[in-house]
1. Out of 106, 88, 44, 66, report the one residue that is assigned to a loop (DSSP other than H, G, I, E, B) and modelled with pLDDT of 95 or more.
2. Does residue 168 meet the test of being touching a helix residue (DSSP H, G or I) at 6+ places or on another chain (Cβ under 8 Å), under 19 Å from residue 82 (Cβ atoms), in contact (Cβ under 8 Å) with a residue 24 or more places away in the chain and crowded, with 23+ Cβ neighbours inside 10 Å?
3. Starting from segment 66-84, take each residue that is without any contact (Cβ under 8 Å) to a residue 12 or more places away in the chain and list its partners that are surrounded by 13 or more Cβ atoms within 10 Å (Cβ to Cβ) and assigned to a loop (DSSP other than H, G, I, E, B), counting only C-beta distances under 7 angstrom and pairs at least six apart or across chains.
4. Anything in segment 190-203 that is out of contact with any strand residue (DSSP E or B) (no Cβ under 9 Å at 6 or more places or on another chain) and either touching a residue at least 40 places away in the same chain (Cβ under 8 Å) or at positive phi (or both)? List them, or say none.
5. Quick one: is residue 172 under 18 Å from the mean Cα position of the chain (by Cα), modelled with pLDDT of 95 or more and part of a helix (DSSP H, G or I)?
6. Hey, among 83, 25, which residue is part of a helix (DSSP H, G or I), crowded, with 17+ Cβ neighbours inside 10 Å and under 25 Å from the mean Cα position of the chain (by Cα)?
7. Answer yes or no as to whether residue 321 is under 16 Å from residue 56 (Cα atoms), in contact with a strand residue (DSSP E or B) (Cβ under 6 Å, 6 or more places away or on another chain) and not in a loop (DSSP other than H, G, I, E, B).
8. Hey, can you tell me all the residues within segment 240-259 that are surrounded by fewer than 24 Cβ atoms within 10 Å (Cβ to Cβ) and part of a loop (DSSP other than H, G, I, E, B)?
């Protein structure tokens, strides 16, 4: 059997299991999410350390259960001033060679999300952005929607389409079929990185897709978190597009790319994301407070640790674990 035939069979088996409800991610799931961080001061003198760990999102499709545990008790539970993401913050001083450990443990109930796209016609794209969506309609360091290259290419892909759902579908299809997945990083690729580099991870797929959408007057945002329900709790990111009726359309171009090429069978495609992921934040280029400073971070996904004496003055160990409860 040829490789193309094998990929075709894997892809269709995966889709069939999803449609029949045989994949666990087609039903509501409950997970335990645990972040663990160890920080050692390797400097010869005292060192002021800031540790920030994201608190899982509260959304219509994801609910935190009561009893989130923090060890030790954080200095503060903060919310970023732009997107409203929550994070636990610790500000401490470590003596030379002193080590401290931090953890956040939360139980999260996640539901699959599907937006029906039957009858993709009849909705006219007015290019008028609702006031509440303006936050997700502007360029940033990683969403280079004001780039002439992004504007011209996205306009070429859309080819005069006026239905926002079809616009989003065409832009997603381009990203799925033209990018190559690879070289995952803890940070975030820019949208121009995605166009110029030979391969990018899920973040690159999404920054390009979101930048395309914004360039075509569609509000869109990044969602960052972790895969759940699998042996490894790896990082993942996907996107959401705001439709004229107020619904957020889930889109996962990197997962769709990997499923199409037969590389995995996790959930994620245009209009559907399963309950096999935990969302930690929305948006990118997020302003976080560290002590008395405010710094912009690519995404709020993994724990973030800063030291007054610089990154080489500390030794950091981080671990993220997700466990399926039911």
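The values are calculated or read from the model by the stated rules, or taken from the named source; none is laboratory data. Here the structure is a predicted model, which is why all the values come from computation and not from measurement. So basically every Cβ, Gly included, is an ideal-geometry build from the backbone, and we count neighbours across all protein chains shown.
1. The unique qualifying residue is 44.
2. Answer is no for this residue.
3. 79/85
4. Result: 190, 191, 192, 195.
5. On the way: under 18 Å from the mean Cα position of the chain (by Cα): yes; modelled with pLDDT of 95 or more: yes; part of a helix (DSSP H, G or I): yes.
So residue 172 fits the description; yes.
6. Answer to the selection: 25.
7. When the stated conditions are applied, residue 321 passes them.
8. 243, 244, 245, 246, 247, listed by residue number.
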